[in-house]
Every structure is written in C-alpha cells, then in structure tokens.
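Here the structure comes first, spelled out in structure tokens, and everything after it is commentary.
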Amino acid sequence: MSKLLDFMAKLGEDAEYRAHYIADPDGTMKAFGLTDAECKMICTCDMEGIKKASGVKDVYLNVHVPFYNDNNSK
C-alpha cells in the first residue's frame, strides 16, 4: 500500500488520529511523511491525483473528514 493510502486508511480507522488531523492537518500530514504533492492532493480533494499516485482504480471516502484547503477559516 502506498504511503498516501496508508494515511487515508489511518484517518478512517483511528478516531484519535482523525481528531489530530482535524486540529492540525498540515502538521499531521507532514509528520506522517507525505510529500508536498500528496498533501496538496488531500487538501484539494484531488481524487484523480490520489488514484494516480496510489495506483488504485477507485478511491472512496467513507469517513466525513473536513479536508483542509486555503478557503477554510481557522
């Protein structure tokens, strides 16, 4: 499994980790070791990019996680 898919799986499986991500998305992604490009894919919900980068045909987000982007207010 790719690092990107590992990260997304952890968000879906671990409520405490998900809460940490919601509180600090950039820090959580960087601490996990995602590249800048992978972070951008997640931040912009670039599903085509995620599919291509991870090598999977379909990506489904079945957990409601607020994705961080430049339009989110803090």
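Computed from the coordinates by the stated procedures, all read-outs in this text should not be read as laboratory data. Fair warning: this is a prediction, and the values are worked out from it, not measured in the lab. A quick note on method: Cβ atoms are made from the backbone with ideal geometry, for glycine too, and the neighbour counts reach across all protein chains shown.
Tabulated values for the structure
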quantity	calculated
P(r) weight above 15 Å for the stretch 3-54, C-alpha pairs, percent	40
Vicinal HN-Hα couplings computed from phi for the stretch 21-29 (Karplus, 6.51 cos²θ - 1.76 cosθ + 1.60; Hz; Gly/Pro x)	4, 4, 6, 8, x, 5, x, 5, 5
For the stretch 3-54, with +1 on Lys and Arg beta carbons and -1 on Asp and Glu, the positive-most of Ala23, Phe7, Met41 along the dipole	Met41
Whole-Hz couplings from phi, Karplus 6.51/-1.76/1.60, listed for the stretch 39-46; x for Gly and Pro	4, 5, 4, 5, 4, 9, 6, 7
Sequence of Leu34, Leu4 once ranked by neighbouring C-beta atoms within 10 Å, starting from the fewest	Leu34, Leu4
